[in-house]
Amino acid sequence: MSTVALGEQVLNGLIIGAFYALAALGLSIIFGVLKIVNFAHGELYMVGGFAYYVVAGALGLAPPLALIAAFVLLFLLGMAIEWLLIRPMHEGKVERPDEYAIMITFGLAILLQNLMLSVFGPWTRRPPALFRGRVEVGELVVSGDRLAAAALGGLLIALLVYLLRATLAGKAIRAVSQDRETAAVVGIDDRLVGMLAFGLGSALAGAAGALMGPVFLVYPTMGVIPVIKAYVVVVLGGLGSVPGAILGALLLGQVENLATVLIPDTTRAVAYKDAYGLVLLVLVLLLRPQGLFGERTRSL
Amino acid sequence: MRRHRAALAGAFLLVVLLVLPLAGLGAYWTYILAIGFYYAILSSSWSLLVGYVGRISFAHAAFAGLGAYTSALASTGLGWPIALTIPLGVVVAALVGLVIGRLCLDLHGAYLGLTTIAFSEILRIAITAEYDVTRGSLGLAAPLLFTGDSRLPHYYTLLAALLAALGLMWLVLRSRIGLFFNAIREDEEAAASVGVRVARWKLVAFTLSSALAGLAGGLYAHVLQLVAPSMMSIGEMGFILSMAVIGGFHNIFYAALGGILLEVVLEALRQIGEWRLTLFGLVVIVILRYSPNGVFGTLARGLGLERGPR
Amino acid sequence: MSAAQLVADGIGKRFGGLVALDRVSFEIVAGERIGLIGPNGSGKTTLLNVLSGFYPADAGAASFEGARIDGQAPAELARRGIARSFQVTKVFRRLSVLDNLLVPGLTAWRTSRQAASARATTILEQLELARLAGERAAHLSGGQAKLLEFGRLMMLEPRLVLLDEPFGGVHPDLKRLMYDTIRRWNAGGVTIVLISHDMGAIFGLCGRVLALRNGELIADGRAEAVRDDPEVLDAYLGDHYGPHAGEERPA
C-alpha cells in the first residue's frame with residue numbers, strides 16, 4: 001500500500017489512540033486510588049456523551065462549553081457514586097469488598113445503560129461537532145472533527161498529566177495510589193482523595209464520550225465496546241499506570257488498524273477487529289499481568 | 001426441625017410449579033415460566049461459582065451460547081437427533097470451560113472478571129464473524145424440541161433439567177467438595193496449607209458450572225427455535241448476574257428462584273418497557289449494598305428456614 | 001545419631017535483587033523442638049514458605065523423610081505430614097469453628113464425616129473451644145482464632161509443624177494453653193519449628209535454636225549457646241549496642 005495511505009492509517013490510529021487513552025485514563029486513576037476496576041466505566045462515558053448532546057444540542061450551548069459542562073456533570077456524578085457505593089467498602093461496612101466492587105459497578109452499568117435507554121430511547125443522535133470539514137496534513141487527508149476531538153483529547157490528557165505531577169491534589173492522588181495507609185498517616189484525607197479520584201475518572205470518561213459523540217454518534221449502548229478497549233489499554237499499560245495507559249492506548253490504536261490491513265480476507269478481518277485487542281488483553285493477563293509498564297504487585 | 005421446614009417449603013414450591021400449567025396457567029405464561037427455568041439453571045450454576053467458590057466469571061452467558069450453537073449446528077448442519085446434540089453442547093461447553101478455567105487458575109477478582117469478559121466477547125465476535133457457518137447476527141434456526149402446539153413438554157423438560165441441575169449441584173455442595181469450595185472462597189492459601197487441592201476444585205467448579213450453562217443453552221435453542229449471538233452478550237450476563245444477586249447468590253436455590261422470579265417480573269412489567277431493566281439495576285445495587293442475602297435469602301431467614309452460621 | 005527427618009541443603013531464594021535466603025543448610029531429627037529466630041527481614045518466614053511449598057527455592061534442595069519437598073505444592077506437603085501456621089491468622093471466617101476443622105479432616109477421602117467430626121470435637125475440647133463449635137470463625141477473638149489454627153493443624157496429624165509467630169498479641173492464659181498444646185504435640189513425636197520474637201517462648205520451649213540474619217544462617221546450636229552468641233546479639237542489637245559496636249565493618 002502507498003505511503004500516503006499508510007500514513008493516513010497511522011494518523012487514524014493515533015487519533016483513535018488518543019480517544020482510547022482518554023477513555024482509559026479515568027479507569028487507571030480509579031484503579032490506582034481505589035483499587036477497583038470500574039465496570040461501569042463505559043456507561044459513564046455514555047452518560048458524558050448524552051450530557052454533551054443535551055447541553056450542546058437541545059440547550060444550544062457552544063460545543064466547548066458543552067464539553068466543560070459534561071466534564072463537570074460527570075465529575076459530580078462520579079463523586080456521588082463513590083460516596084454512596086464505593087466508600088462503604090473502605091469503611092468496613094461490606095463483607096467481601098473485592099467481590100462487592102465488581103458486582104456493584106456491574107450493577108451500576110446495568111442501571112445507567114437502561115436508565116438512558118428508558119429516557120432517550122435506543123436511537124442514535126448526532127450532537128454538534130467541534131469542527132467540520134476535512135483537514136490536510138501535508139499529503140494526508142483526515143476528517144476535521146476527528147482531528148479536533150483528538151487534539152482536544154490530547155490537551156485534556158496533557159492537563160491531566162500536569163495536574164498529577166505538579167499540583168497538590170495530583171500529588172495526593174499519587175500518594176494514595178501508592179500506599180493509602182501511609183498517605184492517611186501523613187495527613188492526606190484518603191477518603192476525600194478517593195471521592196475526587198472517582199469523580200475525576202468519571203469526568204475523563206464523560207469527556208471522552210462527549211468528544212467522541214459527534215464522531216461516532218450518541219446512543220445508550222455506545223459505551224459497551226469502548227470500555228472493553230479501555231480495559232485492554234489499561235491492562236496493557238499496567239493497571240494504575242498513567243503513562244502506561246497512554247502508551248497502551250497508542251499501541252492498541254495501531255494494532256487494530258494494522259491488523260485489519262494486514263489480514264488478507266478483508267470482511268472477516270474487519271469483523272474480528274474488536275477481537276484483536278481482546279486477544280491482547282487475555283495474553284497480557286495470562287502472561288504478564290502487571291502489563292507492559294506496570295509493577296509486579298503481589299498476586300491475589 | 002428447621003431442615004424439615006426448608007424441605008417442606010421447597011416441596012410446596014415444586015408442587016406448585018408442577019401443577020400450574022395444568023391448572024389453567026395459559027400457554028403464554030407457561031412459556032414464560034419455561035424461559036424462567038432456563039435462566040434459573042444459569043443463575044444457579046453461576047452462583048455455584050460466585051457464592052460457593054468465590055470466583056466471579058463473566059463468561060457464563062457465553063457458555064450457554066456455546067451449548068446452544070453446538071446443538072443447533074449439529075442438529076441442522078449434521079442432521080443429528082436433538083437427544084444427541086444437546087449432550088454434545090454440554091460436552092463442548094464443559095471442555096471450553098475446562099480450558100478457560102485452567103488458563104484462569106491464578107487470576108482473581110477483577111483480573112478474572114476482565115479475562116472472562118474478554119473470552120466471552122472473543123467467542124461472541126467469532127460466532128458473529130463466521131457468517132457462513134452461523135449466519136452471524138441474523139441467528140441460526142434450530143428445530144423444535146417437541147413438535148405440536150402444546151408448550152407443556154417444553155415446560156416440563158426445562159423444569160426437569162432445572163431440577164437435575166440443582167440436584168447435581170446440591171449433591172456436590174453438601175459433600176466434602178462443597179466444604180473445600182467454601183474453604184477456597186474464604187482463604188485459598190490457608191486451604192492449600194491444610195491439604196485442599198485448590199487448583200483441582202477450582203477446575204471442577206468451573207467445568208461443572210459451564211457444563212450446566214451449556215445444557216441450559218442447548219435446551220433454550222430448541223425451545224426458542226433460534227440462536228443468536230445476543231444470547232452470549234454482556235447484556236445477557238447482566239441478566240444472569242441480576243437474577244442471581246436479587247435471588248441470593250450465596251445459595252443455588254435462591255439464585256434459581258431469582259431467575260424464575262425475574263423472568264416473570266420482566267414479562268409482567270412489559271408495559272413499562274426499558275424501565276424494567278433500570279429497576280433491576282437499581283434493585284441489584286440496593287441488595288448488594290444493604291441486603292446481600294438477596295430476596296429469597298432474606299425471606300428464608302425471616303421465615304426461620306435457615307440453619308448454620310450465616 | 002538417628003536419621004534426619006528434615007534436611008535443608010543450601011537453600012537460596014531471591015526476590016528480584018533482594019536475597020531473602022542465602023545457602024541455608026541444616027538438618028532436623030524427628031521429635032526435635034527448634035526455635036527459629038532473627039531480626040525482621042532476616043528470612044524466617046521465607047524459609048518457612050519454602051519448606052511448606054508456598055515458594056519454590058531458587059537454589060539448593062530440601063527434603064522431608066527422604067523425599068524432596070522444595071517446589072512441591074502446599075496441599076501435597078500437607079498430606080505428607082508438614083503443617084504450618086501463618087503469621088496473620090487465616091481461619092475460614094465465614095465457616096463455623098467445627099467446619100474449620102473438618103476441612104483438613106476430610107481431605108483424606110476414606111475419612112468419614114462422622115469420624116472427622118468426632119476427632120474435631122475432641123480437639124475443640126482440648127483447646128477449650130468446644131462451646132463455640134457452631135459459631136462463625138469470624139466471631140472468635142484473636143487468641144481463640146490462633147487456637148483454632150492450632151486445631152486445624154492438629155487435624156492433619158502432622159509429623160512436622162512449622163509455626164510462624166503464633167504468640168503475637170495473645171493473652172497469657174491462652175499462651176499457656178498454646179504452650180501445653182505444643183508440648184503435647186512434641187511428646188507425641190511431632191517435630192516443632194517455632195518462629196517467634198518472644199524469647200521467653202523460644203527458650204522455654206526449644207532445646208535448639210537456629211538464627212538467621214539477612215538470609216544467612218549465623219547460628220545453629222543449643223539454645224543457651226545461641227543466646228550468648230555474639231553474632232546473634234549483634235544481629236538483634238546492631239551497631240550501637242552489639243558486641244561489635246563502634247567497630248569498622250569488614251568489606
Starting from the Cα of C:Lys13, draw a straight line to each of the lysines and keep only those under 24 Å, dropping any in the same chain fewer than 8 residues away. C:Lys44
When all Cα-Cα pair distances of region C:47-129 are considered, the percent exceeding 17 Å is 58
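Determine the relative contact order of region B:28-231: mean sequence separation of Cα pairs under 8 Å and six or more apart, normalised by residue count, in whole percent. Can you show the working numbers first?
Working: 299 pairs, mean separation 92.9, N = 204.
Answer for region B:28-231 is 46 percent.
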Please list, in chain and number order, the residues 5+ apart from C:Cys206 or on another chain whose amide H is under 5 Å from its amide H, with Hs placed from the backbone. none
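Let me know the mean shielding of B:176-189 by other chains, meaning the per-residue number of their Cβ atoms within 10 Å of its Cβ.
Numbers: counts 11, 1, 0, 10, 3, 0, 5, 9, 2, 5, 12, 8, 3, 5.
Going residue by residue through B:176-189 and averaging, the value is 5.
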Suppose every Lys and Arg Cβ carries +1 and every Asp and Glu Cβ carries -1, with no other charges. What dipole size does the protein assembly as shown come out with about its Cα centre, to the nearest 20 debye? 1880
Let's see if you can work this out: charge +1 on each Lys and Arg Cβ, -1 on each Asp and Glu Cβ, no other charges. What is the dipole magnitude of chain B about its Cα centre, in debye to the nearest 20? 920
Compare the peptides C:126-139, C:29-42, B:7-20 by average per-residue count of other Cβ atoms within 10 angstrom and give them in order, highest first. C:29-42, C:126-139, B:7-20
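Show that you can apply the helix-only estimate: for chain C, add -39,500 (n - 2.57) for every DSSP H stretch of four or more residues, divide by all residues, and state [θ] at 222 nm to the nearest 500.
On the way: 9 runs with 93 residues, N = 251.
Value at 222 nm, helices only: -11000 deg cm²/dmol.
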Over chain C, what is the relative contact order in percent, taking alpha-carbon pairs closer than 8 angstrom and at least six residues apart? 25
When you have a sec, figure out the Kirkwood radius of region A:177-275 from all distinct Cα pair distances and drop it here in Å to one decimal? 16.0
Cut-off is 10 Å between beta-carbons; in what order do B:His4, B:His222 appear when sorted fewest neighbours first? B:His4, B:His222
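When the expected Rg is taken as 2.2 N^0.38 Å, what fraction or multiple of it is the alpha-carbon Rg of chain A?
Numbers: Rg = 19.0 Å, N = 300, 2.2 N^0.38 = 19.2 Å.
This ratio for chain A stands at 0.99.
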Show me, for region C:126-134, the HN-Hα J-couplings you get by feeding each phi into the Karplus relation (A = 6.51, B = -1.76, C = 1.60, θ = phi - 60°), rounded to Hz, glycine and proline as x. 4, 8, 6, 10, 4, 5, 9, 3, x
Whole-Hz ³J(HN,Hα) for each residue in region A:241-247, computed from phi via Karplus 6.51 cos²θ - 1.76 cosθ + 1.60 with θ = phi - 60°, x for glycine and proline: what do you get? 9, 6, x, x, 5, 5, 5
For region B:55-169, just run the numbers: alpha carbon Rg, then divide by 2.2 N^0.38 Å, N being how many residues it has. 1.20
Burial order of peptide ranges B:262-271, B:80-89 (average beta-carbon count within 10 Å, highest first): B:80-89, B:262-271
With equal scatterers on the alpha carbons only and no solvent term, can you work out the Debye log10 of I(q)/I(0) for region B:28-231 at 0.12, 0.15 1/Å? -0.60, -0.89
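Restricting to bridges with both residues inside the protein assembly as shown, how much of the DSSP beta-bridge set is antiparallel, in percent to the nearest 5?
Numbers: 29 of 45 bridges.
If I count the DSSP bridges inside the protein assembly as shown, around 65 percent turn out antiparallel.
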Chain A: calculated mean residue ellipticity at 222 nm from DSSP helix runs of at least 4, using -39500 (n - 2.57): -24000 deg cm²/dmol
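Suppose every Lys and Arg Cβ carries +1 and every Asp and Glu Cβ carries -1, with no other charges. What dipole size does chain A come out with about its Cα centre, to the nearest 20 debye?
Numbers: 20 positive and 18 negative charges, 19 e Å.
Roughly 100 debye, rounded to the nearest 20.
What is the protein assembly as shown by shape, rounded, prolate or oblate, if you read a ≥ b ≥ c off the alpha carbon gyration tensor as root eigenvalues and call it rounded for a/c under 1.5, prolate for a/b larger than b/c, and oblate otherwise? Don't jump to the answer; show the numbers that get you there.
On the way: a/c = 2.05, a/b = 1.34, b/c = 1.54.
It is oblate, given that a/c is not under 1.5 and a/b is not larger than b/c.
What does the average come to when, for each residue of peptide B:288-297, you count the partner chain Cβ atoms lying within 10 Å of its Cβ?
Working: counts 10, 8, 2, 0, 6, 0, 0, 0, 0, 0.
Neighbouring Cβ atoms belonging to other protein chains average 3 per residue here.
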Measuring from label point to label point, each 7 Å out along Cα→Cβ, what is the A:Val141 to C:Ala73 span in nm? 6.2
Hits among lysines - C-alpha to C-alpha of A:Lys35 under 24 Å, sequence gap 8 or more where chains match: A:Lys93, A:Lys171, A:Lys229, C:Lys90
List B:Ser193, A:Ser241 from most exposed to least, where exposure is judged by having the fewest other Cβ atoms within 10 Å. A:Ser241, B:Ser193
Give the residue from B:Thr76, C:Gly207, B:Pro21 lying farthest towards the positive end of the charge dipole for the protein assembly as shown; charges sit on Cβ (+1 for Lys and Arg, -1 for Asp and Glu) and the dipole is referred to the Cα centre. B:Pro21
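Do the sum for chain B: with -39,500 (n - 2.57) for every DSSP H run of n ≥ 4, divided by all residues, what is the mean residue ellipticity at 222 nm, to the nearest 500 deg cm²/dmol? List each step's numbers first, then the result.
Details: 14 runs with 226 residues, N = 310.
It lands at -24000 deg cm²/dmol.
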Quick check on the exposure proxy: order B:Met237, B:Met232 from fewest to most C-beta atoms within 10 angstrom. B:Met237, B:Met232
Check: C-alpha center region C:74-92 vs C-alpha center region C:189-216, spacing in Å is 18
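Each value in this text was obtained by applying a stated rule to the coordinates, not by laboratory testing. Model, not experiment: these values are computed from the prediction. Reconstructed Cβ throughout: ideal geometry from the backbone, glycine too, with neighbour counts over all protein chains shown.
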